[in-house]
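The structure appears right after this line, and notes come after that.
The values are calculated or read from the model by the stated rules, or taken from the named source; none is laboratory data. What you see is a predicted model, and the numbers here were worked out from it, not measured in a lab. Cβ placement follows ideal geometry from the backbone for every residue including glycine, while neighbour counts extend to all protein chains displayed.
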Amino acid sequence: MKILYAKDADTLSRYAADRFVEQIKSNPKSILGLATGSTPKKMYEYLGEDTHVGKVSFSEATSFNLDEYVGLAADHPASYHYFMEEYFFSKVDFKEGANSLPNGVAENLEKEALDYDQRIQDVGELDILILGIGSNAHIGFNEPDDVFEPLTHVVALDHSTRQDNARFFNSIDEVPTHAISLGMRAIMRAKKVLLLAFGENKAEAIRDLVKGKVDPKVPASILQLHANATILIDEGAASLLDESDYTSI
Ligand code: PGA
């Protein structure tokens with residue numbers, strides 16, 4: 001695991017966007033793994049600008065998102081379908097049908113989860129995957145648990161996750177109780193993983209990820225075993241680490 005530091009989130013977002021541009025340039029048909037949340041927004045903004053000025057094109061690429069809330073249809077403003085459309089898909093030039101997210105309103109959610117996993121297995125591996133991290137160290141919606149869940153699955157969201165995400169809803173009661181999340185198998189098989197973490201609210205999760213042992217109670221800690229994972233942290237997220245733990249960019 002490489003741990004890279006910059007004082008501000010913008011520098012890290014630009015760095016992550018550059019890795020995506022590099023990836024698409026080396027293989028225009030790349031399969032991208034994508035995340036939602038406040039953290040990757042700036043990276044998506046940079047990639048939108050890069051597309052606009054002709055620096056990169058997503059026209060041959062495809063993507064799979066990490067997760068979606070159960071019970072929110074694609075046109076719900078707090079759904080991850082809606083987020084991706086608003087902040088990324090509408091700003092770049094993917095072809096119609098190139099982007100996949102789990103369907104949170106599928107009639108049979110367990111089947112939807114397994115079918116989604118199978119679709120990823122059928123195309124091979126994600127070439128590059130962007131991750132955020134929860135304050136409880138979740139990646140995707142792989143919440144702290146006794147085991148690492150390998151396949152895409154329906155998950156009951158932690159109270160802390162629902163609290164963290166209540167800002168996107170009118171109240172915590174509106175935050176869905178469940179989600180569909182990619183499992184650890186697809187995450188660990190991704191050829192390149194970039195995890196962005198901004199702010200002091202992520203400092204404990206980052207400390208546990210970087211300095212703790214691999215433990216399903218700290219889901220992100222599995223990345224210690226990944227062959228090509230880069231953790232990108234700003235001043236706040238790095239605040240419980242020692243300077244010797246990271247390299248500045
Ligand atoms: P955030 O969420 O980017 O909104 O902080 C990250 C996550 O929960 O993975």
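Scanning the stretch 35-67 for residues that are within 19 Å of Asp117 (Cα to Cα) and either among the polar types (S, T, N, Q) or away from the ligand (no atom under 13 Å from the Cβ) (or both) yields Thr36, Ala61, Thr62, Ser63, Phe64, Asn65.
Are any of the residues in the stretch 52-71 over 18 Å from the mean Cα position of the chain (by Cα), free of Cβ contacts under 8 Å to residues at least 24 places away in the same chain and surrounded by 14 or more Cβ atoms within 10 Å (Cβ to Cβ)? So far as the stretch 52-71 goes, no, none of its residues is over 18 Å from the mean Cα position of the chain (by Cα), free of Cβ contacts under 8 Å to residues at least 24 places away in the same chain and surrounded by 14 or more Cβ atoms within 10 Å (Cβ to Cβ). Answer yes or no: is there a residue in the stretch 194-204 that is among the aromatic types (Phe, Trp, Tyr), out of contact with any His (no Cβ under 6 Å at 6 or more places or on another chain) and more than 20 Å from Phe88 (Cβ to Cβ). Looking through the stretch 194-204, none of the residues is among the aromatic types (Phe, Trp, Tyr), out of contact with any His (no Cβ under 6 Å at 6 or more places or on another chain) and more than 20 Å from Phe88 (Cβ to Cβ). Against the definition (more than 19 Å from Ser59 (Cβ to Cβ) and either within 16 Å of the ligand (Cβ to nearest atom) or at pLDDT 95 or above (or both)), how does Pro28 come out, yes or no? Answer is no for this residue. Pairing each residue of the stretch 215-240 that is touching a residue at least 40 places away in the same chain (Cβ under 8 Å) with any residue that is small (Gly, Ala, Ser) and crowded, with 18+ Cβ neighbours inside 10 Å, provided the two are 6+ apart or on different chains, yields C-beta distances under 6 Å for Val218/Ala137; Pro219/Ala137; Ala220/Ala137; Leu223/Ala229; Ile233/Ala197; Asp234/Ala9; Ala237/Ala197; Ala237/Ala203.
Inspect all residues belonging to the stretch 87-105 and state whether any of them is out of contact with any strand residue (DSSP E or B) (no Cβ under 7 Å at 6 or more places or on another chain), under 28 Å from Met1 (Cβ atoms) and not aromatic (Phe, Trp, Tyr). No, the stretch 87-105 has no match at all. The set of residues in the stretch 44-87 that are of a type in the set (D, E, K, R) and touching a helix residue (DSSP H, G or I) at 6+ places or on another chain (Cβ under 8 Å) comprises Glu45, Asp50, Lys55, Asp67, Glu68, Asp75. Taking first residues from the stretch 27-49 that are hydrophobic (A, V, I, L, M, F, W, C) and partners that are in a loop (DSSP other than H, G, I, E, B) and surrounded by fewer than 22 Cβ atoms within 10 Å (Cβ to Cβ), the Cβ contacts under 6 Å between residues at least 6 apart in sequence or on separate chains come to Ile31/Asp127; Ala35/Gly132. One residue stands out among those in the stretch 180-200 that are of a type outside the set (Lys, Arg) and more than 14 Å from the chain's Cα centre (by Cα): the one that is farthest from the ligand (Cβ to nearest atom), which is Glu200.
One residue alone among Ser160, Ser221 is at negative phi, within 16 Å of the ligand (Cβ to nearest atom) and either part of a loop (DSSP other than H, G, I, E, B) or within 16 Å of the chain's Cα centre (by Cα) (or both), and that residue is Ser221. Across the stretch 105-147, which residue is farthest from the chain's Cα centre (by Cα) among those that are within 16 Å of the ligand (Cβ to nearest atom) and either surrounded by fewer than 22 Cβ atoms within 10 Å (Cβ to Cβ) or more than 23 Å from Ala237 (Cβ to Cβ) (or both)? Among those that are within 16 Å of the ligand (Cβ to nearest atom) and either surrounded by fewer than 22 Cβ atoms within 10 Å (Cβ to Cβ) or more than 23 Å from Ala237 (Cβ to Cβ) (or both), it is Asp145.
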